[in-house]
Amino acid sequence: RRGPEEGIGVGHARHAEAAQALTAVRTQLEAQGAQAAQELERVQTQYTQAMQQRDAVQVQLSHLADAVQQHEQTLVSQREALQRATAAAEAAQQQVHAQADQDAKRTAGLQALQQHVSQGLATAIAQNVVTLQPAPDRLTLRVSSDTLFRPGTVALRPESRDILEQIVAVLHTVPDYLYRVDGHTDDVPMTGAARARFPSNWELSAV
C-alpha cells in the first residue's frame, strides 16, 4: 500500500514524461513547419522563375511572330517585284523580237529595192553614171555631177535628162518609199549669167 507521498511522486513523474513528450512533439512539429516553410519558399521561387521564363518565352514568341510577319511581307513584296520584272522582261523580249522582225523586213525590203533598182539602172551603173550605196535604213543613188552639170554652171546638161527619166521611171515602180533629193556644189566659181545670181558657191548651196 502506497503512502500519499509516493502517489504524489508518481504523478509528478508522469507529468514530466508527458511534458517531455509534448516538448518533443512540439519541437518535431516546429522542425517540420520550418521545413515546410522552406519547401514552400523554394516552390514559390521556382514558380516565380517559371512565370518569368514564361513571360520571356512569350516575348520571344511575339518577336518571332513579328519577324515572321515582316518576312512574309518582304516575300510578298519580292514576289510582286519578281512578277513585275518578269513581265517587263517578257515585254522587252517581245519588243526585241518585234524590232528584229521589223529590221529583218526592212532589210529584206531594202535588198529587194536595191536589186530592183540595180536591174532598172544596170547600164547607168555599169557606166559609173549611177552608184548605189546601201545602208541599214536607206538606199542612196548617187549620180555623177559631171553627168548633170558642167563645172561652174547651174543648168542641167541636155543629155542628163535621159538618166534622170530612167531614175524616175524606176522609182515610180516602188511607191512605198519616201524619196529625198540632195544636191551638192563644187568649188568652181559660177560663170556667165549665173554669176550675177550666185556670186559664190555658198549662195548656190543655200538654194
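The values are calculated or read from the model by the stated rules, or taken from the named source; none is laboratory data. It should be emphasised that the depicted structure is a prediction, and the values quoted were computed from it without experimental measurement. Here the Cβ is made from the backbone with ideal geometry for all residues, glycine too, and neighbour counts use every protein chain on show. Areas reflect the complete protein model, heavy atoms only, side chains present, ligands, DNA and RNA absent. Shrake-Rupley method; radii C 1.70, N 1.55, O 1.52, S 1.80 Å.
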message = Condition check: at pLDDT 90 or above, over 30 Å from residue 138 (Cβ atoms) and either outside any helix (DSSP H, G or I) or open to solvent by less than 100 Å² (accessible area, probe 1.4 Å) (or both). Does residue 76 satisfy that?
response = yes
In segment 124-136, anything of a type in the set (A, V, I, L, M, F, W, C), under 18 Å from residue 179 (Cα atoms) and loosely packed, with under 11 Cβ neighbours inside 10 Å is listed as 135
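Do you know which of the residues in segment 99-110 that are of a type in the set (S, T, N, Q) and free of Cβ contacts under 8 Å to residues at least 24 places away in the same chain is least open to solvent (accessible area, probe 1.4 Å)?
Among those residues, the one meeting the criterion is 99.
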Residue set 121, 113, 139, 171; condition in contact (Cβ under 8 Å) with a residue 60 or more places away in the chain and surrounded by 15 or more Cβ atoms within 10 Å (Cβ to Cβ); output residue 113
